[in-house]
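Trainee: My questions all concern the structure below.
A short reminder: the numbers here are calculations on the coordinates, not readings from a lab. Note that the structure is a prediction, hence the values are computed from the model and not measured. When we count neighbours, we look across all protein chains shown, and the Cβ atoms used for this are built from the backbone with ideal geometry, even at glycine.
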Amino acid sequence: MTARILRRTAIFAVSLLAASIVVFVFTAVLPGDPAQVALGVNATPELLAQTRAEFGIDRPLVTQYLDWMGGVLTGDFGNSYVTRDAIGPELADRLGVTLWLVGAGMLVAVLIAIPFGVLAAVRHRRASGTVVSAASQLGIAVPAFLAGILLVQVFAVRLQWLPSGGWTPPVQDPGEFLRGLILPALSLGVVQGAVLTRYVRSSVLDVLGEDYLRTARSKGLMPGQALIRHGLRNAAIPVVTVLGLQLTTLLVGAVVVERVFVLPGLGSMLLDAVSARDLLTVQGIVLVLVAGALLVNFLVDVLYTVLDPKLRGAR
Amino acid sequence: MKARLLAAALALLLVASGCSAGSSAFVPDDGSTLAVGFAAEPQNFDFTRTDGAAIPQALLYNVYEGLVKLDDQGRVVPLLADSWTVSPDRLVYDFTLKPGVLFSNGTEFTAEDVRFSINRVKTDWTISIKSKMDVVDRVEVLDPLHARVVLTKPSNAWLFDMASRVGAMFTPTGIADLANKPVGTGPYEVTSRRRGDSIVLQANQRFRGPEPAYRTVYLKYYKDPTALNNALLSNGIDVIGTITAPDSIPQFEADSRFNVIQGTTNSEVVLAFNNKKEPLNDVRVRRALTLAIDRKALLDTAWAGRGTLIGSMVPPTDPWYEDLSAAYPHDPDQARALLAEAGKPQLNLRLRIPNLPYAISSAQVVQSQLAEVGVSVTIEPLDFPAVWLKQVFTDHDYDLSIIQHVEARDITTFGRPSFYWGYDSKTTQDLLAQADRGTPEEQVTAMREVARTLSADAAADWLFLFPNVVAAKKKVTGLVRNQVSESFDLTTLGRSE
């Protein structure tokens with residue numbers, strides 16, 4: 001098992017290094033000159049040259065890459081071309097917002113998926129089960145931004161119960177923070193919840209056919225009690241795995257939802273940085289996102305190893 | 001584990017149901033607080049080193065002040081200077097400063113600061129508009145309340161420019177961290193910001209005048225026009241600084257909660273011709289294209305009929321404005337005749353535009369109308385600003401482009417042959433120079449002549465002037481109708497309870 005985890009760790013590290021090179025190369029070949037964008041329409045050649053030197057983008061690409069990686073490894077992401085501030089703290093701040101959003105979206109997804117998925121499985125031969133299945137099918141087809149726009153129209157513009165967007169840090173006003181998080185979390189979570197419902201359903205259906213459930217019922221437990229005491233825990237293992245993999249999808253969805261709800265997270269930071277050709281910032285954000293995705297995959301992998309006895313001897 | 005999830009969900013629901021309908025506590029709703037929504041966010045607060053309209057929009061007149069400012073009619077009026085005199089040779093400006101003015105860090109504003117600020121434009125600013133101060137020879141401190149500015153040549157543009165960000169007054173003790181901590185003499189100071197979300201301004205306790213009507217102002221930023229509109233509709237903000245989705249205007253006009261104000265801007269939407277390059281170096285071709293386009297129809301399609309047809313690079317708030325929109329009436333037959341005369345009955349042109357809504361919708365109209373006179377147009381949207389700036393603006397690699405020119409009095413760009421218009425006319429250059437050095441009356445006459453010359457040369461096709469459409473809750477009064485200065489001026493605002 002240890003060997004397998006070590007191997008996975010090595011793969012994780014190498015992927016991260018490769019990703020950093022890809023990220024760097026792709027941002028470096030983006031058309032458009034950051035110095036020109038920073039200076040605006042009437043920039044003179046002298047000012048352009050001066051600004052390029054100040055940004056360090058007149059140096060060879062290899063030097064720039066090594067300089068950047070050296071900084072990143074010590075936690076220094078450099079200074080933004082546009083805001084002139086250190087990128088690291090800003091990234092951390094924005095990452096916080098995105099993590100809250102992803103976490104809340106995940107919570108909504110789980111809260112939807114578990115009851116409805118179990119319901120759809122237990123009643124899979126009845127009308128109510130079919131309705132839930134059909135609804136989840138529909139939910140999968142709705143993109144998160146559309147869900148967001150609809151929710152805003154109903155709950156913010158018409159009813160005016162909840163804000164249409166904006167962010168209040170939890171330390172500043174917890175109530176307002178939660179109110180602002182509800183609609184974005186719903187629009188992100190409902191779609192994921194629909195996807196997850198189908199996994200819960202099939203997983204529970206599998207469990208329902210198992211011998212140990214029959215045994216439990218023969219001991220005198222009601223079908224519901226048997227499922228809750230013995231079935232759900234077993235049904236949860238594949239669901240948790242899917243949940244881990246879905247985290248990456250949630251991150252992507254969060255980028256879009258941040259735009260709809262004007263949340264100052266990583267997604268909106270990335271969009272701004274790309275349009276301003278703030279290359280160092282783009283590199284920093286993309287690297288963090290890629291690292292996040294790789295980390296989730298790595299952890300899921302390790303969890304597999306730990307959870308599944310069959311893999312313990314494997315390499 | 002599940003019990004904990006359930007508890008969290010319950011808490012969430014409790015909070016949601018506990019909130020009263022219609023409230024918006026993101027911005028405290030207490031009468032002395034105002035929230036204004038904008039589309040473009042300042043990346044930092046240092047307009048001496050970062051270009052773009054968003055920083056002066058937030059800070060000029062509100063946090064930073066100059067010796068003079070522009071009113072909404074485009075007139076230069078006193079601000080930190082009580083009055084000024086101009087010498088007969090138009091080279092020497094003597095300013096009498098307001099007494100008792102303090103910067104927000106407590107330093108007193110004197111003629112020394114005038115000298116410091118103007119000289120600093122030349123030495124420390126890195127953005128290109130610093131060249132507006134090139135005409136200054138020296139600044140003299142006559143006494144603490146009298147500053148003298150000596151120019152190298154007479155320039156009407158200079159005093160006008162002093163009302164823009166280049167004329168902002170700084171103190172040597174307040175420039176340590178311009179990007180984060182602006183120090184000015186204005187009625188507000190910046191107290192906090194959250195990037196990607198908002199900037200908070202608070203009344204400056206050291207301000208000389210009466211306290212502004214709103215003690216706290218939230219400037220909130222929405223990249224997406226729909227999100228901006230929704231914020232006003234759902235009480236998240238009180239004012240939309242400028243509506244960027246014209247189709248949404250009727251819904252605000254129909255809603256009794258809001259006032260909608262429409263005025264003009266300095267923003268000409270221009271169909272640029274590459275005057276230097278075949279075939280647009282031929283005036284007959286340029287005239288033909290101008291005749292072929294129905295600008296009224298274009299305005300209706302591209303910007304919901306809001307905006308003004310001007311036919312020149314001059315907005316109605318400039319003293320030399322005259323309506324030249326009828327100079328080239330829509331006339332496809334004459335356009336075809338002119339193209340035939342130029343020996344170019346069939347043309348293929350590249351219309352390279354920024355990927356922005358107004359440019360894309362305008363480009364489609366231009367394309368279909370030019371097709372009617374035998375000119376086939378390929379539309380190429382370019383990522384803005386980065387790619388458009390590089391390829392069209394810097395490399396002049398285009399036949400036609402469509403872009404909004406937002407700077408005040410930017411008609412002077414037609415006097416620069418190296419500018420991306422590629423327009424090189426001795427007459428225009430002489431007239432512009434003459435206008436800048438003459439008396440204000442001579443300036444008006446000469447500038448009017450510049451606009452007419454450009455129109456006769458069909459140097460570009462001025463499609464329309466962007467409107468300034470502000471939507472605000474009824475309680476907000478004193479909003480500036482015409483967006484003439486670079487500032488979103490909070491100092492004129494009031495409230496009706």
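Trainee: Equivalent-ellipsoid semi-axes (√(5λ), Cα gyration tensor) for the stretch A:119-192, whole Å, largest first?
Mentor: Over the Cα atoms of the stretch A:119-192, the ellipsoid semi-axes are 31, 14, 10 Å.
Trainee: Further question on the same structure: Let me confirm one metric for peptide B:394-400, namely the mean number of other chain beta-carbon atoms within 10 Å of its residues' beta-carbons.
Mentor: Numbers: counts 6, 0, 0, 0, 0, 0, 0.
So the per-residue partner count for this stretch is 1.
Trainee: When the helix-only estimate is applied to chain B (DSSP H runs of n ≥ 4, each -39,500 (n - 2.57), divided by the residue count), what is the mean residue ellipticity at 222 nm, nearest 500 deg cm²/dmol?
Mentor: So the helix-based figure for chain B works out to -8000 deg cm²/dmol.
Trainee: If you find the alpha carbon centre of the stretch A:202-225 and of the stretch A:90-159, how far apart are they in angstrom?
Mentor: 28 Å
Trainee: Additional query: Taking θ = phi - 60°, what integer Hz values does the Karplus form 6.51 cos²θ - 1.76 cosθ + 1.60 yield along the stretch A:175-190, in sequence order, with x for Gly and Pro?
Mentor: In residue order, the calculated couplings are x, 5, 4, 5, 4, x, 8, 4, 5, x, 5, 5, 5, 6, x, 4 Hz.
Trainee: How far is helix A:45-55 tilted, in degrees, relative to the longest principal axis of the Cα atoms in chain A, given as a value from 0 to 90 rounded to the nearest 10?
Mentor: 50 degrees
Trainee: To the nearest 10 degrees, how steeply does helix A:61-73 sit against the main Cα axis of chain A, on a 0 to 90 scale?
Mentor: With both axes taken from Cα atoms, the answer is about 50 degrees.
Trainee: What is the order of A:Arg123, B:Arg287, fewest Cβ neighbours within 10 Å to most?
Mentor: A:Arg123, B:Arg287
Trainee: Spin-label point model (7 Å from Cα, Cβ direction): what's the A:Thr249 to A:Asp211 distance in nm?
Mentor: Simple spin-label model gives 3.4 nm for this pair.
Trainee: With a Förster radius of 30 Å, plug the Cβ-Cβ distance of A:Gln50 and A:Thr74 into 1/(1 + (r/R0)^6) and report the FRET value to the nearest 0.05.
Mentor: 0.60
Trainee: Return one number: the angle in degrees, 0 to 90 and rounded to the nearest 10, between the long axis of the Cα atoms of helix A:266-275 and the longest principal axis of the Cα atoms of chain A.
Mentor: Between the helix axis and the principal axis of chain A, the angle is about 30 degrees.
Trainee: Still on this structure, please answer the following. So what's the protein assembly as shown giving for Cα Rg divided by 2.2 N^0.38 Å, two decimals? The partial results should precede the final answer.
Mentor: Working: Rg = 30.7 Å, N = 812, 2.2 N^0.38 = 28.1 Å.
Its radius of gyration relative to the 2.2 N^0.38 Å reference: 1.09.
Trainee: If you don't mind, another one. Of B:Lys153, A:Lys219, B:Lys69, B:Lys220, how do they rank once you tally other Cβ atoms within 10 Å and put the fewest first?
Mentor: A:Lys219, B:Lys153, B:Lys69, B:Lys220
Trainee: Separate question: Using only the alpha carbons of chain B, what is the convex hull's orientation-averaged projected area in square nanometres?
Mentor: The number I arrive at for chain B is 27.1 nm².
Trainee: Considering the convex hull of the alpha carbon atoms of the stretch B:378-461, report its projected area averaged over all viewing directions, in nm², one decimal.
Mentor: If I average the Cα hull's projected area over directions, I get 6.0 nm².
Trainee: Taking H placed 1.01 Å from N in the peptide plane, check which residues at least 5 places from B:Lys69 or on another chain put their amide H under 5 Å from its amide H.
Mentor: B:Val77, B:Leu79
Trainee: Can I ask one more? What average number of partner chain Cβ atoms lie no more than 10 Å from the Cβ of the residues making up B:119-130? Write down the numbers at each step before the final one.
Mentor: Numbers: counts 0, 0, 0, 0, 0, 0, 0, 7, 6, 8, 3, 2.
Whole-number average of other-chain Cβ neighbours for B:119-130 is 2.
Trainee: For B:Ser83 and B:Ala337, calculate 0.36 nm times their separation in residues minus their Cα-Cα distance, and state this gained length in nm to one decimal.
Mentor: Numbers: separation 254, 0.36 × 254 = 91.44 nm, distance 5.67 nm.
Full extension of this stretch gives 85.8 nm more.
Trainee: Oh, and also: Can you give the FRET efficiency to the nearest 0.05 for B:Ser496 and B:Gln202, using r as the Cβ-Cβ distance and R₀ = 25 Å?
Mentor: Working: r = 23 Å, r/R0 = 0.90.
In this case the efficiency is close to 0.65.
Trainee: Skipping prolines and chain starts, which residues have an amide H placed within reach, meaning under 5 Å, of the one on B:Gln404, given they are 5 or more residues away or on another chain?
Mentor: Excluding prolines and chain starts, which carry no amide H, the hits are B:Val270.
Trainee: Also: How many partner chain Cβ atoms sit within 10 Å of a residue's Cβ in peptide A:180-188, on average, as a whole number?
Mentor: Numbers: counts 3, 2, 5, 0, 0, 1, 0, 0, 0.
Taking all residues of A:180-188 together, the mean is 1.
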